[in-house]
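Below is one structure; the comments refer to it alone.
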Amino acid sequence: MAERKVLSKYYPPDFDPSIIPRRSGVKNGQHKVRLMAPFSMQCVTCGEYIYKGKKFNARKETVHGEMYLTIKIFRFYIRCPKCSAELTFKTDPKNADYVAENGCTRNFEPWRDLTQEKEDRLKEREIDEMNNPLKALENRTLDSKREMEIADSLDEIRTRNARNDRIDAESVLLRLEEENAHNSEEEDEAEAKKIFEQNLEKSNKTKKIQHSLEQEDEVEEEVSIDKVISHTGNEVTDWSLKKEPASNGDKAKNMFGIVKKPKAEAPKPVESSTNSISLLGDYGSSSEDED
């Protein structure tokens with residue numbers, strides 16, 4: 001059985017290539033190709049919309065007399081799938097696109113308008129520069145300024161990239177460790193400062209409580225001295241100056257802000273100081289009077 005895909009053919013020794021008939025040339029310079037619609041279009045005859053990418057059997061030919069920078073321009077013939085009208089379009093190497101010619105219109109595409117506006121703006125600028133030399137000088141100044149800004153930005157990007165290339169993983173890890181150590185030290189200092197402030201507040205509170213207790217004790221001493229002087233009318237003895245220690249309950253009450261009232265004491269009766277001799281004298285005088 002012979003091979004299905006023959007890679008080499010056998011030419012006998014008596015082979016004469018002149019016997020082989022020549023192929024007929026391409027009719028009218030056209031040949032059939034299989035292509036897809038390069039853009040969405042609408043048929044002028046029936047109004048049928050043809051989407052981009054629809055496949056057609058087309059005829060291709062070279063446009064004579066039209067070239068762009070030694071690039072050939074080709075024309076394609078297709079038929080409308082609804083009314084079989086002939087539609088033609090050709091290549092546009094200048095804009096890297098296609099141009100609709102006969103039998104169809106190209107649908108609206110927003111990016112094409114932007115490109116057209118840019119081209120129109122460039123043409124207007126060229127015309128203005130040709131008619132106004134000052135305008136041309138101003139445009140060149142602006143262009144040079146823009147180029148300098150772009151060059152500066154590129155230098156900055158190159159410098160940053162070079163700096164990033166010099167950085168290795170070890171240096172990054174060391175820097176992170178230093179930052180973590182610094183942050184931990186700051187946290188420890190803040191915690192110590194907070195604890196110190198709390199202890200200081202507690203000590204101030206205890207000092208205030210002790211001071212208030214001392215003031216209360218002084219007031220109690222003054223009240224007891226006044227009572228002794230008012231009842232006896234004599235000088236205060238040493239026992240009246242003795243300070244009674246405050247009980248734990250009183251201190252606890254003072255710590256909670258409760259004012260302790262002084263205890264009301266009943267006044268003691270004043271006893272007249274008499275001796276036995278005066279009593280005997282009174283008794284003797286009374287007995288003589290009776291006799």
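The values are calculated or read from the model by the stated rules, or taken from the named source; none is laboratory data. This structure is a prediction, so every number in the text was calculated from the model and none was measured. Positions of Cβ are backbone-derived with ideal geometry, glycine not excepted, and every protein chain shown enters the neighbour counts.
Report yes if some residue within region 35-51 is of a type in the set (D, E, K, R), under 55 Å from the mean Cα position of the chain (by Cα) and either at pLDDT below 90 or surrounded by 11 or more Cβ atoms within 10 Å (Cβ to Cβ) (or both); otherwise report no.
yes
Please tell me if TYR77 is surrounded by fewer than 13 Cβ atoms within 10 Å (Cβ to Cβ) and closer than 17 Å to MET36 by Cα.
Numbers: surrounded by fewer than 13 Cβ atoms within 10 Å (Cβ to Cβ): no; closer than 17 Å to MET36 by Cα: yes.
Criteria not met by TYR77.
Given the options THR105, THR88, THR141, name the one that is exposed (fewer than 13 other Cβ atoms within 10 Å of the Cβ) and either part of a helix (DSSP H, G or I) or in contact with a Phe, Trp or Tyr (Cβ under 8 Å, 6 or more places away or on another chain) (or both).
Sole residue among the options that is exposed (fewer than 13 other Cβ atoms within 10 Å of the Cβ) and either part of a helix (DSSP H, G or I) or in contact with a Phe, Trp or Tyr (Cβ under 8 Å, 6 or more places away or on another chain) (or both): THR141.
Check ASN180, ASN132 and return the single one that is more than 30 Å from CYS43 (Cα to Cα), more than 44 Å from the chain's Cα centre (by Cα), surrounded by 10 or more Cβ atoms within 10 Å (Cβ to Cβ) and not assigned by TED's automatic domain parsing to the domain that holds TYR77.
Answer to the check: ASN132.
Which one of these is over 50 Å from the mean Cα position of the chain (by Cα) and not charged (D, E, K, R): THR115, THR88?
None of the others qualify; the one that does is THR88.
Which of the residues belonging to region 108-137 are under 27 Å from PRO81 (Cβ atoms), among the charged types (D, E, K, R) and assigned to a helix (DSSP H, G or I)?
Of region 108-137, the ones under 27 Å from PRO81 (Cβ atoms) are 108-112.
Going one step further and asking which of them are among the charged types (D, E, K, R), we end up with 109, 112.
Passing the criteria: only ARG112.
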